[in-house]
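What follows is calculated from the coordinates using simple rules that are stated; it is not laboratory data. Because the structure is a prediction, the values reported are computed rather than measured. Quick reminder, even Gly has a Cβ in these numbers, built from the backbone with ideal geometry, and neighbours come from all protein chains shown.
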Amino acid sequence: MPPKIIFEKSVKGRRGYRLPPLDVPPESLPAGMVRETLDLPELSELDVVRHFTQLSQQNFSIDTHFYPLGSCTMKYNPKVNDEISGFSGFAGIHPFQPAEQVQGALELMFSLQEILSEITGMDAVSLEPAAGAHGELTGLLMIRAYFRDKKEDRRIILVPDSSHGTNPATASMLGYDVVQIRSDARGGVDLEHLDKLLSENVAALMLTNPSTLGLFEENILEISKRVHQKGGVLYYDGANLNAILGIARPGDFGFDIVHLNLHKTFSIPHGGGGPGAGPIGVKKYLEPYLPIPIAAKGTEGYFLNENYPKSIGRVKAYYGNFLHLVRGLVYILAQGPEGLKRIAELSVLNANYLMKALKPYYDLPYDRLCKHEFVISANRQKKNGVRALDIAKRLLDYGIHPPTVYFPLIVEEALMIEPTETESKETLDHFIDVMKKIAEEAEKTPELVLEAPHSTPVARVDDVQAARKPNLCFNIGN
Amino acid sequence: MVPNDRKYSKEHEWVLLNGKKAKVGITHHAQDQLGDIVFVELPKKGSTVEQMKTCGVIESVKAVSDLYSPVTGTVIEINSDLSDHPEKVNQDPYNNGWIFVAETDGSEIKNLMSAEEYENFIGTKV
Amino acid sequence: MLLPATPNEIKEMLASIGLNSLEALFEDIPSEVRLNRKLSVPPAMSEQELRKKFHQLSKLNKTLDDQISFLGAGVYRHDIPAAIKPIISRGEFATAYTPYQAEASQGTLQAIYEFQTLMCELTALDVANASHYDGATALAEAALMALDITGQNEILISRGVHPHYRQVVETYLEGRISSFHEVALENGITSKKELERLFASKPAALIVQYPNFFGGIEHLEELSDLCKKHHALLVVSVNEPIALGMLKAPGELGAAIVAGEGQSLGIPVSFGGPHVGFLATKKEHMRRIPGRLVGQTLDKKGNRAFTLTLQAREQHIRREKASSNVCTNQSLCAVANAIYLSLLGKEGFAEMSLHSYHKAHYAFREWTKAGLKPVFTSSFYHEFPLEVPMNANEFISRMKKENILAGYSLKQDYPELPNSVLFTVTEMNSKEEIDTMTQALHSICNSNKVGCASAS
């Protein structure tokens, strides 16, 4: 039986929370301004706890399942991060308290800014953006401000055809024209095409390195040279930083702006879709445009510096997703320099191990040393009508969350696999076994795959109906 | 074989000209590529459309496609049935799945493709 | 944190891919760009050391609970029911990914669907999305929606909107609009006189906050009528949703879009984040709303199921034609909001709302009696500015000595109010705390006759 919606469990007169008695004389209510109806559910605390606990049990999560989602870095989220970010001294402070009352928070932000600069090879960091896409928005706003300052009217942003959707979406949100660069046969940026497209009208090239194919961009130094020759800015989408932590730094191979995904590389929980945190780092020449405020150290202690006259302004209220910044710093300090490098080494080892083992059963469009993730294609399975989507659904029956599917767009029937460094060899071997089984099923008993999933709380969902007749709000009146 | 009583654009729209009235829709190939269509954003009645400029949107579960007008003129009729039944574009793209009718002098229609030319066009794509 | 791979396993795995060392895994990275030194970060710390270090850091912060606090201004100290944290700390919620695979994510999807429904109910609108980064960015997206819907390219924004929110809207809209007019206040709410004049610029929308930054209750119905007359949309920012437990909902009064901040609904003050924004709108604007939407549908067996829907508008499909670039939102915080509203329920939420209102009005009466001057006379919810008998910052310093965090100094954002402080009172402030402040005011006014209104 599918669980009821919380409104359907409501019983008139129930309450789950009690306030203390009102200890002041009541004031008369403002005439004509008071609402007459408010249909919130009425439940006991047990009703609510049971409801949401049961809901949670319908989810796949890292804590319960292997989650090889390419481009998402679903690594284990250490619980000490949550414990520490929950200290009342962090959760119980208000952003408008005077600086002398929040020196601990400001020192923490300042330290994190410094550490992230070191990890990425950049000169200055803002912790304000709330997510990767938000970091991209901030970065592009800064690029726009930079060119305006130079009185150069550049209208174009270049993105590779393998890019994450947020890259072109962000660029066009800001009114840029987005032009796609082809990937060459090796999966890297096609240099010839780049040359054709580069001009004094190009504001920036946005790249992920390793790319979304999990491949390190071999020509990165050459690409950087050419972009800078035309006065453009090189932007780094930090989604794939996990592969090169402690091994190489984007600031050292030509990037001018970097955004990080703390909820990917730095183990902050994904929360079912957020909250995240997307700090950005920049080279010195872009520092004046950073969003305000930036944590700074003065003679009288730490403070929030708003003295950036060329700043793009604020991109969110207050200072960033602070409790996540705490989690991020705890994580980094738990690793130390060797630990950070180890993360890159083992995430890349795990990915290559899987890639080699899966090669006999699935098409491998780029058969070369990968980094922390790789892409296979379900083209071979297509002859019995089995597609990447079906394989994804069948994995659920085996208790494994599917990899990312149909991304990047340049590979047909793509399955992007990123195991991360926190998975053990047994988990990887089990995954290989299961993928082998599914390949066999696709061959011999394709209906099993086509009709999957069979064992999840719901069967395959009708998303056509959901989009044709959207039901986005429960009709409480019923 | 696509109906040969009409003309075709590179953006996979068809035009059926009847005097000064041009009926517009998308081809079978287009709806097949899009998959199950969930929403059609129709141009407004009375608005002007220009050949090769966008005039609406067709949304499926997995993709969104701009609708490019194959003619230049004024929209005089729209298929409002598609608001509740966007699937008609999938089921019957050349008849009940029509999208709008524009009043046009039809002079620009001659630079569109014939049925045979369009067949070749999608043939090379495949 | 310790990784599982043992030296033997590493050897085995390397062997299986034909490599000799971990080093060999990075031969595709040009040596010119290799970092040939250790990262300059502190050495690894164990859990015990981490706890100690961060405990010390946290002790350098003085929390709101450690003093008497009347500080609000957009971030509010409210009681947080105990049941919320254990639920959202569950790994199944916290460590799940975005629910792209519906069959693996019914828990998150249903919880968000319930959140959407609750936001619709609070705001009296038809459609709400699955959350945004915060109230400020949600408001910026609402402004972009208004531009999109109307095709106009000007915005009117009241000075009663939170200063940070106005700044964020300006940042987001830069380059998209030809002008951004701030509408002055009259007696603490948006001036209708000013508006009559400014509507001539044919704006896409008028943005107001409800209750506004000064706690003032804007006359939304009148504003909505004005907007309709001029074919503009009324966009309402709700920074304090607890107010909606007693005040009429913006949707009832003509708001086309509501952009709100859900921090008050079960989320700690957290030095400003993570909080949670939400967007709600009328049915006819459903396809323009950015961000994720969870819809109810059926599965193949005919059972009720939930899924992300209308995804074609979003970045991962529409790419450069997407209406917004938002990907990760604040999902877990939205779930916390849903749990909060479910626990309080119909009666509890209304009562919670009234407590802040009554306490704030008691404080207002006592403190004005004690000598502070009211700045406005319009109706307010739980915040109000008062003129203090000295420089506002000095006043706040004096109060700190009594272990009272008096409020927010308005001078930096509203230079026309150099000696005024914004006071906020919620259900967390007991009568004793309010009376303690009254006493402190008496001693200031007794020792400093200048500037205090004579006690009546």
* Nitroxide proxy distance, nm - points 7 Å out along Cα→Cβ at B:ASP32 and C:SER397 -> 7.9 nm
* Structure fact -> For A:LYS150, the lysines lying under 23 Å Cα to Cα, once residues fewer than eight places off in the same chain are dropped, come out as A:LYS225, A:LYS230, A:LYS283, A:LYS284, A:LYS310
* Structure fact -> The answer for trypsin sites (Lys or Arg not before Pro) in the range C:11-95 that fall in a DSSP coil and have at most 14 neighbouring Cβ atoms within 10 Å is C:ARG37, C:LYS38
* Asked: Which ³J(HN,Hα) values, rounded to whole Hz and listed in residue order, are derived for the range A:62-72 from phi using the Karplus coefficients 6.51, -1.76 and 1.60 in 6.51 cos²θ - 1.76 cosθ + 1.60 with θ = phi - 60°, glycine and proline given as x?
  -> 5, 5, 10, 9, 5, 9, x, 6, x, 6, 10
* To do: Would you give the gap between the C-alpha center of the range C:225-277 and the C-alpha center of the range C:1-56, rounded to a whole Å?
  => 47 Å
* Rounded to the nearest 0.05, what FRET efficiency is calculated for B:ALA63 and B:LYS10 with R0 set to 22 Å and r the Cβ-Cβ distance? -> 0.80
* With a cut-off of 17 Å, note down the residues of the range A:42-60 whose backbone N falls inside the zone around a label point 7 Å from the Cα of A:LYS4 toward its beta carbon. => A:42-55
* In percent, what relative contact order does chain C have, based on Cα pairs under 8 Å that are 6 or more apart in sequence? -> 20 percent
* Structure fact -> Spelling it out for A:VAL233: with amide H atoms placed in the peptide plane at 1.01 Å from N, the residues 5 or more places away or on another chain with amide H under 5 Å from its amide H are A:ALA204, A:LEU205
* Before anything else, pin down the relative contact order of the range C:84-341: Cα pairs under 8 Å, at least 6 apart, normalised by residue count, whole percent. => 27 percent
* Asked: What full-extension length gain, to one decimal in nm, is calculated for A:GLU306 and A:LEU29 as 0.36 nm per residue of separation minus the Cα-Cα distance?
  -> 95.6 nm
* Asked: Measuring from a point 7 Å past the Cα of A:LYS436 along Cα-to-C-beta, which residues in the range A:349-387 have an amide N at less than 14 Å?
  -> A:354-362
* Structure fact -> Sorted largest first, the C-alpha extents of the range A:31-151 along its principal axes in whole angstrom are 59, 55, 36
* **Cα-centre dipole for the protein assembly as shown with unit charges at Cβ (Lys and Arg positive, Asp and Glu negative), debye to 20** => 680 debye
* Asked: Can you give the relative contact order of the range A:1-66 as a percent, counting alpha carbon pairs under 8 Å and 6+ residues apart?
  -> 48 percent
* **Karplus-derived 3J(HN,Hα), 6.51/-1.76/1.60, for each residue of the range C:298-304, Hz, glycine and proline x** => 10, 8, 4, 8, x, 8, 4
* To do: Starting from the Cα of C:GLU47, step 7 Å toward the Cβ, then list every residue of the range A:249-282 with an amide N under 19 Å from that point.
  => A:267-269
* Asked: What angle, in degrees between 0 and 90 and rounded to the nearest 10, separates the Cα long axis of helix C:135-150 from the longest principal axis of the Cα atoms of chain C?
  -> 90 degrees
* Rounded to the nearest 500, what is chain C's calculated 222 nm mean residue ellipticity when only DSSP H runs of at least 4 contribute -39500 (n - 2.57) each, over all residues? -> -11500 deg cm²/dmol
* Could you work out the mean count of beta carbons from other protein chains within 10 Å of each residue's beta carbon in C:280-290? => 1
* To do: Relative to the longest principal axis of the C-alpha atoms of chain C, give the angle of the C-alpha long axis of helix C:331-369, reported between 0 and 90° and rounded to the nearest 10°.
  => 20 degrees
* Which whole-Hz ³J(HN,Hα) couplings does the range A:246-256 yield from phi under the Karplus relation 6.51 cos²θ - 1.76 cosθ + 1.60, θ = phi - 60°, glycine and proline marked x? -> x, 9, 8, 10, x, x, 8, 10, x, 7, 9
* Structure fact -> Note to self, chain A gives a 222 nm [θ] from helices alone (DSSP H runs n ≥ 4, -39500 (n - 2.57) apiece, / all residues, nearest 500) of -10500 deg cm²/dmol
* Under 1.5 on a/c is rounded, so check that first for the range C:375-455, then, if it is not, pick prolate when a/b is larger than b/c and oblate when it is not; a ≥ b ≥ c are the square roots of the alpha carbon gyration tensor eigenvalues. => rounded
* Structure fact -> The rounded separation in angstrom of the Cα centers of the range A:268-301 and the range A:374-449 is 37 Å
* Structure fact -> Taking alpha-carbon centroids only, the range A:140-208 lies from the range A:315-329 a number of Å equal to 28 Å
* To do: Please identify every one of the GluC sites (Glu not before Pro) in the range B:24-108 that sits in a loop by DSSP and has no more than 15 other beta carbons within 10 Å of its own beta carbon.
  => B:GLU50
* **DSSP-assigned coil residues among GluC sites (Glu not before Pro) in the range A:59-161, each with at most 14 further Cβ atoms within 10 Å** => A:GLU152
* Structure fact -> Working note, chain A: Cα radius of gyration (Å, one decimal) and Dmax (Å, whole number) are 25.0, 78
* Asked: How high is the FRET efficiency from C:LYS282 to C:SER201, r the C-beta distance, R0 30 Å, rounded to 0.05?
  -> 0.80
* Residues with amide H under 5 Å from that of A:ALA317, placed H, sequence gap 5 or more -> C:ALA136, C:THR137
* Structure fact -> Which residues qualify? For A:ALA248, with a placed amide H closer than 5 Å and at least 5 residues away or on another chain, they are C:LEU35
* Relative to the first principal axis of the alpha-carbon coordinates of chain C, what is the inclination of helix C:220-229, with its axis defined by its Cα atoms, in degrees from 0 to 90 and to the nearest 10? -> 80 degrees
* **Distance (nanometres) between label positions extended 7 Å along Cα→Cβ at B:THR48 and A:ASN475** => 4.4 nm
